[in-house]
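Derivation of every value follows stated rules applied to the coordinates shown; laboratory data play no part. Please read all numbers here as calculations on a predicted model, not as lab measurements. Counting neighbours? That spans all protein chains shown, and the Cβs are built from the backbone with ideal geometry, glycine included.
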Amino acid sequence: MQEEYLRTLASIYGIAPEYWNIRGERIQVPRKTLVALLRAMGVEDFSPEGLREAAALARAKKSALDFAVRILRRRTKRLRVPPSFVGGEARISNEHGEVVFRSRVTSPFLSVTLPPECPWGYYNLTIASRNGELSSLLILSPLKAYLPPERIWGIHGALFALATGRNQGIGDLRDLKDLQDLVVHSGGRFLGLLPLHLMPKDGPQGISPYSAFSRRLFDPIYLPLDEVLLLFPGLSLPLPPDPNPSGNLIDYELVWREKDRFLRKVFRHFFEKRTETFAVLWGEFQNFLNCEKDRVIWASLYQAIASEAGPNWRKWPAPLRERNEKALRDFFQTHEQDVLYFAFLEWLIHRFLKSITEKHRILCFDIPVGCAPSGIESWLCQDRLAFDFTVGAPPDDFSPEGQNWGFHPFSPWKIRENHYADFIALLRDNMRFARFVRLDHIMG
């Protein structure tokens, strides 16, 4: 009986009690795995009575979460409203805050209609009543994914592998521009790339484009130093050479050390002459920070702190680890130039990617399933990650022992409570430059 209660509770939480392996065998998830997953979801009492009570609470919470995010396949939909909000007023607004629908809630069922001029996208439904306010994310989505009217071709490759002789031992954004032009002039319609996201350059985390510090930021190791120099007239610096011109392997740590040293000199010159020689460019940089502050400033703070305290935020002092507002403000005030340097790098990357994609829109970006376990993304999303677990895949012919990819999964109910804001931001930050994106694995 207890086993039945356990599996019922697991199903309410969306935990699969079984799966079919590659040989067509049905595998039951072990009891200890279900217990561990349910503990991560907040369940503490595993007695029969405790499991029944947890199931009742989970059903109530699931009902609320079902309302928290709704997908509209058509512009008119009938939504079930919690009884306590009957009698309230419903309004739907678009992402600019403009109200596109209003109605009184006269029954537990609310018929909502989005006007024909409303495009596909995200809308916020709010119901206000004497019992408070209830909100739901409405996603107006096509019935099926877009397919081009004809077959197209392109190539998929790794930017870091482009050894062109003019770079520092790793392909850069100038090489990407040249490759994109070649693909377009040859009749290709897309250029797929391994992930370009900000990643560790040394151990113990390892170097992998599929384990990034953040999937919302791009790695400055791909900056073309010769073209960076052209942005700052009057600055004369020798370009660092390829540190390993005769080798077939990339020494990321060494390459980045040389490029970082060069870019810090450029930033110092830019910062010192920001109100004189580079006033217009500095204004552009400030506008970038104002538009991208939620994404870039947090990431720049992390990188500046990591330069002193190490890249694993879980080993930082508690106020920094927990993102205490005063601690972070104090750190910024004493390390302003360090923080701005990392923001400067992201601004340059943004600038070059924008220039590349304005002419041709053919890039396809690769989005990894997860992020480095102690990087920027996990620091910012720590309340929504299940740190007791890592993501992987069951055994198959390729990996008979199964796979453990080493990064932590998001808690599905917590990201739904958050209206999938992390995932929406992830897609938008990548698709501002990409024609389409590839999710790395079916587990995505």
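Evaluated at q = 0.15, 0.18, 0.21 Å⁻¹, a Debye calculation over the C-alpha positions of the range 77-235 (equal weights, vacuum) places log10 I(q)/I(0) at -0.89, -1.06, -1.27. Under the simplified labelling scheme, the PHE423-LEU229 pair shows an inter-label distance of 4.6 nm, with each label point 7 Å from Cα along Cα→Cβ. Per residue, the convex hull spanned by the alpha carbons of the range 167-314 comes to 156 Å³. Only Cα sites of the chain enter the Debye sum here, all with the same form factor; the resulting log10 I(q)/I(0) across q = 0.07, 0.09, 0.10 1/Å is -0.46, -0.75, -0.92, listed in q order. The label-point distance for ARG73 and ASP181, in a model that sets each label 7 Å from Cα toward Cβ, rounds to 4.8 nm. In terms of its C-alpha gyration tensor, the range 325-440 has an oblate overall shape, because the principal axis ratio a/c (a ≥ b ≥ c, square roots of the eigenvalues) is not below 1.5 and a/b does not outweigh b/c.
When the dipole is taken about the Cα centre of the range 2-63, and only Lys, Arg (+1) and Asp, Glu (-1) are charged at their Cβ, what size is it in debye, to the nearest 20? Don't skip to the answer; put the middle values down first.
Values: 10 positive and 8 negative charges, 49 e Å.
Rounded to the nearest 20 debye, it is 240 debye.
Take the Cα radius of gyration of the range 289-375 and divide it by 2.2 N^0.38 Å, N being the number of residues; the result is 1.28. Each label point was placed 7 Å from the Cα along the Cα-to-Cβ direction; for GLN403 and LEU143 their separation is 3.5 nm. Across the range 386-444, the volume of the C-alpha convex hull divided among the residues equals 109 Å³ per residue. Any idea what the relative contact order of the range 154-439 is, in percent, if you count C-alpha pairs under 8 Å spaced at least 6 apart? Worked out over the range 154-439, it gives 21 percent. Size descriptors for the range 1-102, from the alpha-carbon set: Rg then Dmax equal 19.1, 55 Å.
Counting only Cβ charges, +1 for Lys and Arg and -1 for Asp and Glu, the dipole size of the chain around its Cα centre is about 1560 debye.
Subtracting the Cα-Cα distance from 0.36 nm times the residue separation, let me have the gained length for ARG261 to GLU322 in nm, one decimal.
Numbers: separation 61, 0.36 × 61 = 21.96 nm, distance 3.06 nm.
Taking ARG261 through GLU322 to full extension adds about 18.9 nm, to one decimal.
What full-extension length gain, to one decimal in nm, is calculated for LYS315 and ARG26 as 0.36 nm per residue of separation minus the Cα-Cα distance? Please list the in-between numbers first.
Numbers: separation 289, 0.36 × 289 = 104.04 nm, distance 4.15 nm.
Contour length minus the Cα-Cα distance gives 99.9 nm.
Full extension of the chain between TYR122 and LEU239 gives 37.5 nm of extra length, using 0.36 nm per residue less the Cα-Cα distance.
State log₁₀ I(q)/I(0) for the range 73-140 at q = 0.11, 0.24, 0.26 Å⁻¹ as given by the Debye formula over alpha-carbon point scatterers of equal weight, solvent excluded. With no solvent term, the Cα-only Debye profile gives -0.23, -1.06, -1.21. Here the relative contact order of the range 2-63, from alpha carbon pairs under 8 Å that lie six or more residues apart, stands at 43 percent. A straight Cα-to-Cα reach below 19 Å connects LYS259 with the lysines LYS201, residues fewer than 8 places away in its own chain not being considered. Averaging the sequence gap over all C-alpha pairs within less than 8 Å and six or more residues apart, then dividing by the number of residues, gives the range 201-272 a relative contact order of 37 percent.
Which pairs break 19 Å Cα to Cα here: LYS265/LYS359; LYS61/LYS414; LYS177/LYS354; LYS177/LYS265; LYS326/LYS414? Correct reply: LYS265/LYS359; LYS177/LYS265; LYS326/LYS414. Centre-to-centre, using Cα atoms only, the range 1-37 and the range 205-272 are separated by 48 Å. A Förster distance of 45 Å, applied to the separation of the beta-carbon atoms of ARG274 and PHE436, puts the FRET efficiency at 0.75. The aspartates and glutamates whose alpha-carbon is closer than 17 Å to the alpha-carbon of LYS32, local same-chain residues fewer than 8 away aside, are GLU3, GLU4, GLU18, GLU44, ASP45, ASP388.
When a/c is below 1.5 the answer is rounded, else prolate if a/b is larger than b/c, else oblate, so apply that to the range 198-260 with a ≥ b ≥ c taken from the square roots of the Cα gyration tensor eigenvalues. It comes out oblate by the Cα gyration axes. Its alpha carbons considered, the range 17-76 gives a radius of gyration followed by a Dmax of 16.4, 46 Å.
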